[in-house]
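Here the structure comes first, spelled out in structure tokens, and everything after it is commentary.
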Amino acid sequence: MQSPEEYEITERVNALVKGLKKRRGYTKKDISQKLGIGLTTFNDYLNGVSSFKLGTLIKFAALCKLTLPDILDDTLEAKKLYSEDLADRANTGKNTLDFLAVALMLPVMISAQDIITIVCILLFLLSVFARKDLKNQYLVLMFFAFTVLEKIIFYPIQRYVFPLTSGFIDNIIAFGIQFIMYVFLFYLTKNRIEISLRLTKGRLPQVMQHNLTDAPIAGLLLLYIALHLAAFIENLIRHLDKFGVDEEFAKQFWKVQFIYDNYELFNITLVGFTIAVLYFGINIQKRQDKQSAVFQSQESI
């Protein structure tokens, strides 16, 4: 049996094993083979039946691209490996940048699903606020429909697909789908006037005018596209060994995870700017409409 200190280390190793599964796609059998021990022996270690050998711990640390003190002291480098995956990790401020983002924009410990719900509510309220401004209402409803569709698409994927796949596949699916969706959303934005013309059959000429928010929203969508493309490419770079690249060479890229570690920060910042641009666009348009109405009334007098 293990001592309390040994059990604490075992708990960290268990967390790192899950991290290796998520980030590298390794199974317990893969890990045991790389450590040069049997699967049964490895399971005994993980279940606390027997204690880890020092040499095994050193090999395991090297497999995680960590040092032995990283595991013994549970350093930040170790925590990064077993932090939860994109599909289900909450925006709780795991590093300084995350903390600042949460402190400035959202309450601490809010979940990713709660963020989507809040965004849906805000977009719905904006659509009501813009009920007499069809140009801006089109953009707001487009983002609202996109957010709802994103939640509908990812719910069954998170529930039935992600539990059966590794972090590598999870990220390919998540970033890939979102990249495609944002490209489509960009297309809808760039072709807003043509689409509005078809939907209204030319009966509402005001929707065919250019809008103050068209350019800023298009720019933000390009940033969304760039973010998810960069995250998708970074995920591939971090898993070069999956494509037959020599593992010793691929190891040097295992820590390429800047986008991954700061994804929530970048994404929520873009969401915040999007909501702000839509709000100010509607507000400015309302003021312009009021000024135009006053000017027309004065002319009529």
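The values are calculated or read from the model by the stated rules, or taken from the named source; none is laboratory data. Model, not experiment: these values are computed from the prediction. Here the Cβ positions follow ideal geometry from the backbone for every residue, glycine too, while neighbour counts run over all protein chains shown.
Run down L199, L223 and say which single residue is under 25 Å from L278 (Cβ atoms), in contact (Cβ under 8 Å) with a residue 40 or more places away in the chain and aliphatic (A, V, I, L, M).
On the way: L199 fails: in contact (Cβ under 8 Å) with a residue 40 or more places away in the chain.
Testing whether each residue is under 25 Å from L278 (Cβ atoms), in contact (Cβ under 8 Å) with a residue 40 or more places away in the chain and aliphatic (A, V, I, L, M) leaves just L223.
Every residue, every condition in (1) at pLDDT below 90; (2) more than 16 Å from the chain's Cα centre (by Cα); (3) part of a helix (DSSP H, G or I), yes or no:
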{"position": "G219", "(1), (2), (3)": "no, yes, yes"}
{"position": "L227", "(1), (2), (3)": "no, no, yes"}
{"position": "V245", "(1), (2), (3)": "yes, yes, no"}
{"position": "L265", "(1), (2), (3)": "yes, no, yes"}
{"position": "I284", "(1), (2), (3)": "yes, yes, yes"}
{"position": "Q296", "(1), (2), (3)": "yes, yes, yes"}
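T147 meets the stated requirement of being farther than 30 Å from R24 by Cβ and in contact with a helix residue (DSSP H, G or I) (Cβ under 8 Å, 6 or more places away or on another chain). Residue pairs, Cβ under 6 Å, 6 or more apart or interchain, first in segment 47-70 and over 18 Å from K251 (Cβ atoms), second assigned to a loop (DSSP other than H, G, I, E, B). List them. These pairs meet every condition: G48/Q2; S51/Q2.
Close contacts from segment 17-41, counting a first residue that is more than 15 Å from L66 (Cβ to Cβ) and a second that is of a type in the set (A, V, I, L, M) and surrounded by 14 or more Cβ atoms within 10 Å (Cβ to Cβ), with Cβ to Cβ under 6 Å and a gap of 6+ residues or different chains, come to K29/L39; S32/L39. Taken over segment 254-274, the residue count meeting the criterion of being within 20 Å of Q137 (Cα to Cα) and surrounded by fewer than 18 Cβ atoms within 10 Å (Cβ to Cβ) is 3.
Determine if segment 196-213 includes at least one residue that is under 30 Å from Y260 (Cα atoms), at pLDDT 85 or above and in a helix (DSSP H, G or I). Spell out the reasoning first.
Initially, segment 196-213 is screened for residues under 30 Å from Y260 (Cα atoms), giving 213.
Still in the list and also at pLDDT 85 or above: 213.
Then drop every residue that is not in a helix (DSSP H, G or I), which leaves none.
Taking every residue of segment 196-213 in turn, none turns out to be under 30 Å from Y260 (Cα atoms), at pLDDT 85 or above and in a helix (DSSP H, G or I).
Of the residues making up segment 231-253, one or more are surrounded by fewer than 19 Cβ atoms within 10 Å (Cβ to Cβ) and within 28 Å of L122 (Cβ to Cβ).
Residues that are modelled with pLDDT under 80 and part of a loop (DSSP other than H, G, I, E, B): does segment 128-142 have at least one? Yes, the conditions are met somewhere in segment 128-142.
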